[in-house]
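A short write-up of the structure that comes next.
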Amino acid sequence: MKNSNSLFLPEIAKVVSTRQLTAMEKYIELKTIDDREFDFTPGQFVQLSVFGIGEAPISISSSPFNRESIGLCVRRAGDVTSAIHKLEPGSRLGMRGPLGKGFPVKEMRGKDLLFIAGGLGLAPLRSLINYTLQKRDDFARIRILYGAKKPGEILFPDELQTWRERKDIELEITVDTPDQNWTGKSGVITRLMPSLKLEPENTFALIVGPPVMYKYVLLELQIKQIPETNIIMSLERRMKCGIGKCGHCQINGVYVCLDGPEFSYHTLKFLPEAI
Amino acid sequence: MEKRLYKKDFGSFITSLQGLGYKTVAPKKDNNLIMLDEIQGADEISLDHVITNNSIKEFFFPKTEKVLSYRMEKNKVEIEEPEGFAVKAVIFGSRPCDAFSLPVMDKVFNWDCSDKFWVQRREAITIVTIACDKCDSYCFCTSVGLAPDAKQGSDVLLTKISDDEYVVETVTEKGENLIKGLEGVFSDSPSGVPDRQVATVEKKFAIDKVKPWLDENFVHKVWTEFSLKCIGCGACTFVCPTCHCFDIVDECTMTKGDRVKNWDGCQFKMFTMHTSGHNPRSTQGERWRQRIMHKFKYYVEKFDSILCVGCGRCSRVCPADMNISEMLEIIATEASQPGNKD
């Protein structure tokens with residue numbers, strides 16, 4: 001975007017397909033109208049706009065190895081996301097990005113990875129998980145913990161099943177409130193953590209979830225003695241410009257949009273108000 | 001060679017500028033306010049004030065500004081970028097504090113990537129400042145390292161030496177070119193040292209005490225105390241020449257519309273509120289801490305400038321009679337005699 005005429009000028013993108021994931025979440029696949037290839041790092045986001053409604057920051061959920069299109073998992077929450085939910089294949093959107101820095105994929109190389117996804121946090125982590133599965137030999141042990149509120153809110157169940165069937169990764173799912181048909185684990189995600197056997201110095205923990213989850217997950221990770229530099233969290237903010245000017249996402253001297261949205265705990269602990 | 005500008009020549013100054021295609025902006029009366037605004041002739045200029053009610057900011061970063069317009073048909077969108085927003089202009093009679101806000105704001109609008117809306121206006125507009133010959137109790141420029149006759153940010157600085165005479169100093173090449181292009185408007189200086197009428201602005205606090213204190217006191221009782229009177233109206237952020245937060249919204253009819261950038265402010269609860277309802281800065285005390293910290297700590301660390309020019313507008317306009325220089329006095333005093341944090 002740096003070479004563009006205006007920092008606020010979006011590209012036009014078209015909806016290729018849509019898929020209802022849960023009552024609240026929809027998966028939207030986008031291409032640019034000139035079919036340009038996408039090049040992004042997992043954890044980056046786009047400013048997506050429905051013309052006439054406005055812009056909202058949405059993290060990219062698809063694998064960076066798929067360069068023809070990007071996939072976004074959008075929860076219907078505000079004006080823009082509600083409008084996105086109404087879009088059909090062929091609809092036009094505005095898109096700025098990819099924005100932000102994304103996950104530190106280079107530093108993660110050779111390490112054990114512990115993914116901790118809470119609710120919609122699976123959306124950006126899915127991009128990173130699929131990236132690491134594609135480059136499976138670059139990483140050591142891979143474990144995924146995923147917590148949803150209810151069984152009906154579990155995102156990407158088919159994909160979770162294929163992950164579960166793989167022998168080279170471990171997946172555990174829990175729901176806060178099980179229903180009659182649920183046979184898996186129940187309780188908050190931190191319940192999955194005490195039994196984990198980790199090599200702390202060699203482990204990267206990659207966490208995306210609601211603010212309340214971070215506080216408790218951090219406590220568990222500190223018990224496990226994971227180094228602060230290896231705990232990576234993604235922050236949500238009310239971002240507007242996405243380019244470090246408008247002030248909305250500022251935490252102390254940091255602009256979450258530009259400097260993040262992923263940060264190590266080593267950085268975040270010096271940023272009160274971050275979590 | 002040093003020049004003079006006589007009050008009687010303001011008319012030909014403004015007319016000559018307009019003849020050269022400049023839009024002319026100067027302080028003018030608007031009922032009970034003195035506003036920097038476009039003028040047609042020198043008779044509209046009003047100079048009998050301490051400071052204009054509005055800051056210089058809106059000429060570079062308007063309250064509301066179209067960043068693009070669009071037209072929609074089914075499965076088709078056309079986007080158009082605005083053109084001609086940077087109009088060649090001279091701002092005459094701005095104050096040194098306002099002029100200094102421009103190089104301070106250049107930093108945020110040019111770091112990492114440049115905002116063309118700001119940059120092109122900066123190029124198009126020439127600043128002819130008049131040094132302050134008076135001040136009021138809200139002024140505190142000298143406390144933040146400025147002076148009532150500071151030159152930074154101005155292209156030309158005028159200083160009053162009598163009721164109808166100003167000394168003219170060119171500060172930048174842009175200012176020099178402006179003066180050169182206006183033959184007959186400026187007079188040569190007679191010999192002798194002129195008696196410059198410059199206000200004496202009292203120094204209210206020791207700025208060097210402020211940042212070290214802020215570094216240590218993110219958690220402190222003063223943040224809540226400061227905020228108790230605040231009604232969260234955000235007026236302070238709008239009149240501030242260095243507050244630069246903005247929102248981006250769409251304004252449209254069914255098939256066409258504009259995407260506009262509007263002033264926003266950190267004193268509003270909604271400024272940081274997520275769609276989920278979670279708010280990382282949920283109290284007014286936290287929002288005041290953000291305002292002070294941003295101006296006197298974060299901006300200093302990131303851009304090596306204080307994000308305050310001591311104009312005092314925030315305090316003049318505050319409906320709850322809050323006063324930022326008093327807060328900074330308290331902070332500087334706390335720094336000298338650390339008290340109870342709770």
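When the alpha carbon gyration tensor of the stretch B:106-222 is reduced to an equivalent ellipsoid, its three semi-axes come out at 34, 24, 10 angstrom, largest first.
For chain B, the longest stretch holding no trypsin sites (Lys or Arg not before Pro) located in a DSSP loop with at most 16 other Cβ atoms within 10 Å is which? Result, exposed sites excluded: B:230-340.
Our analysis of the stretch B:2-188 gives Rg over Rh at 1.02, with the two radii drawn from alpha carbon positions and Rh computed by the Kirkwood formula.
Residues of the stretch B:37-57 falling in the label zone of B:Lys23, defined by backbone nitrogen less than 20 Å from a point 7 Å along Cα to beta-carbon, are B:37-46, B:52-57. Residue-wise HN-Hα couplings along the stretch A:242-248, as the Karplus relation 6.51 cos²θ - 1.76 cosθ + 1.60 with θ = phi - 60° gives them from phi, are x, 9, x, 10, 6, x, 4 Hz; Gly and Pro carry x. Taking every residue in B:253-261 and counting other chain Cβ atoms within 10 Å of its Cβ, the average works out to 3. The modelled label-to-label distance between B:Glu78 and A:Ser186, using points 7 Å beyond Cα along the C-beta direction, is 5.9 nm. Here chain A was treated as a single set of alpha-carbon atoms; its pair distances binned every 10 Å from 0 give 7, 30, 37, 22, 5, 0 percent.
With the convex hull of the Cα atoms taken as the outline of chain B, the averaged projected area works out to 20.8 nm². Ligands, DNA and RNA left out, the accessible area of chain A computed with a 1.4 Å probe is 48% carbon and sulfur. The alpha carbons of the stretch A:11-99 give a radius of gyration and a Dmax of 11.7, 32 Å, in that order. Can you give the percent of C-alpha pairs in the stretch B:207-336 whose distance is more than 18 Å? Counting every Cα pair in the stretch B:207-336, those more than 18 Å apart make up 58 percent. Per residue, the accessible area of the stretch A:11-99 comes to 37 Å² when a 1.4 Å probe rolls over the protein heavy atoms. Measuring against 32 Å, Cα to Cα, the residue pairs B:Lys3/B:Lys302; B:Lys134/B:Lys180; B:Lys66/B:Lys160 contain B:Lys3/B:Lys302; B:Lys66/B:Lys160 as the ones spanning a longer distance. Shown for chain B: cysteine residues without a partner Cβ closer than 4.7 Å, namely B:Cys113, B:Cys132, B:Cys141, B:Cys230, B:Cys233, B:Cys245, B:Cys252, B:Cys266, B:Cys308, B:Cys318. On association of chains A and B, roughly 3800 Å² of accessible area becomes buried (total for both chains; probe 1.4 Å). Exposed loop sites were defined as chymotrypsin sites (Phe, Trp or Tyr not before Pro) in DSSP loop states (anything but H, G, I, E or B) carrying at most 14 other C-beta atoms within 10 Å; in chain A the longest segment without such a site runs A:66-269. Largest first, the three principal axis extents of the alpha carbons in the protein assembly as shown are 94, 63, 41 Å in whole numbers. With all distinct Cα pairs included, what does the Kirkwood hydrodynamic radius of the stretch A:204-250 come out to in Å, to one decimal, could you say? Evaluated over the stretch A:204-250, this radius sits at 12.2 Å.
Of the cross-linked pairs A:Lys14/B:Lys57; B:Lys174/B:Lys204; A:Lys111/A:Lys215; B:Lys29/B:Lys229; A:Lys240/A:Lys269; A:Lys86/B:Lys261, those separated by over 28 Å at the C-alpha level are A:Lys14/B:Lys57; B:Lys174/B:Lys204; B:Lys29/B:Lys229. Plainly put, the stretch A:84-199 has a radius of gyration that is 1.01 times its Kirkwood radius, both from alpha-carbon atoms, as the Rg/Rh ratio. Accessible area ranking (1.4 Å probe, heavy atoms, ligands and nucleic acids excluded), largest first, for A:Cys257, B:Cys230: B:Cys230, A:Cys257.
The values are calculated or read from the model by the stated rules, or taken from the named source; none is laboratory data. Computed from a predicted model, the values in this text were never measured in an experiment. Here Cβ is always computed from backbone atoms with ideal geometry, including for glycine, and neighbour counts include all displayed protein chains. Ligands, DNA and RNA are stripped out before the accessible areas are found, and what is left, the full protein with its side chains, is counted by its heavy atoms. Shrake-Rupley method; radii C 1.70, N 1.55, O 1.52, S 1.80 Å.
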